[in-house]
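Taken together, the values in this text are just the output of simple stated rules run on the coordinates, not laboratory data. Keep in mind that what you see is a predicted model, and the values were worked out from it rather than measured. We place every Cβ from the backbone using ideal geometry, glycine too, and count neighbours over all the protein chains shown.
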Amino acid sequence: MTRVDVVFRTDPFDRESIRLLNEVELQIRRSLAGPHDPEEAELIAPLTKAKFFFVGPTGSIRDLKTVTDGDQWKIDILVLGAVFLILLALLRKPGISIYLIVSVFFSYFAALGATIVVFWMWDPANFAGLDWKVPMFLFTILIAIGEDYNIFLMTRIDEEQHLHGPVEGIRVAMRKTGTIISSCGIIMAGTFLSLFAGTLIGLKQLGFALAFGVLLDTFVVRPLLVPAFLVLLYRGGFGRWGQAIGGPLVEGATPPDGTTTEKPPRT
């Protein structure tokens, strides 16, 4: 048994350290695989069947990251599937439910991009990308919070539409729920931003990303993108495709099934 200690110049938990460890392992296996001259091959032959174990902080983090990356797809699919089924059960409109999920995706990707820009500008020389845990936790938490606000808003819109009509019901529901959602968003963002006071860079990144995503969801997605989409939908802005995504059938338009909605001429 032979032990070799390798110390990188970068942080043991950094993405760059994981990349360097992968490179070290690759070069070792390439060196043993050959090609070699006969004399060298005879010396290396016993090592070709050797087992390599990588221990230490970077090796452990790499193994954990490998497992987590594999679980990420399962988590994403389960989260999106569960949220979509809940929205579908409450709203019974697949098109609107899909749009609400897409709107939260916008907050997620925008928060990731903003976090990368901020932390790169903060320390360009030592910035090696986001901590590998940030995207996973950000996705799970932000989707849960965003769709929670969506369900609260959409159930209120549905109640008000029965009393005030499709478009006016949206305006009334926004007026009644706006301050509540805004207050919850500010409190939630402030709570997440407290992670920024920690010393670990991963916690700082996660705290900023969550706070930015929640605020974006609270002041852009919820009061602007969602109601604007619904108003366009109920006013017939999507034409003959409006009914397919949950809107009313527009008079005079040809729906996707090919039937006509024109009124018969008066006699």
Based on DSSP H runs of at least 4 residues, each adding -39500 (n - 2.57), what is the mean residue ellipticity at 222 nm of the chain after dividing by all its residues, to the nearest 500 deg cm²/dmol? -22500 deg cm²/dmol
Across the chain, qualifying lysine pairs (alpha carbons under 24 Å, at least 8 places apart or different chains) come out at 7
Under a point spin-label approximation (7 Å from Cα along Cα-to-Cβ), what is the Lys49-Phe106 distance to one decimal in nm? 6.2
Multiply the residue gap between Lys65 and Arg9 by 0.36 nm, knock off their C-alpha separation, and tell me the result in nm, one decimal place. 18.1 nm
Just order 186-192, 66-72, 160-166 by mean Cβ neighbour count inside 10 Å, highest at the front, would you? 186-192, 160-166, 66-72
Report the Stokes-Einstein translational diffusion coefficient (µm² s⁻¹, integer) for the stretch 1-54, Rh taken as the Kirkwood radius over Cα pairs, at 37 °C with viscosity 0.692 mPa s. 255
Using Cα pairs closer than 8 Å and at least 6 residues apart in sequence, work out the relative contact order for the stretch 117-235, in percent. 29
Pop a pseudo-label 7 angstrom from the Cα along the beta-carbon direction at both Glu16 and Glu159 and give the gap in nm to one decimal. 5.4
Quick check: Cα centre of the stretch 108-162 to Cα centre of the stretch 173-222, how many Å? 9
If eta is 1.002 mPa s and T is 20 °C, what Stokes-Einstein diffusion coefficient results for the stretch 71-239, Kirkwood Rh from Cα pairs, in µm²/s? 127
For the residues Phe84, Phe127, Phe53, what sequence is obtained by ranking on other C-beta atoms within 10 Å, fewest first? Phe53, Phe127, Phe84
Would you calculate the separation in nanometres between label points at Met1 and Thr179, each defined as 7 Å from the Cα along the Cα-to-beta-carbon direction? 6.9
Subtracting the Cα-Cα distance of Val117 and Thr199 from 0.36 nm times their residue separation yields 27.6 nm
Expected sort for Thr10, Thr218 with the fewest Cβ neighbours (10 Å cutoff) up front is Thr10, Thr218
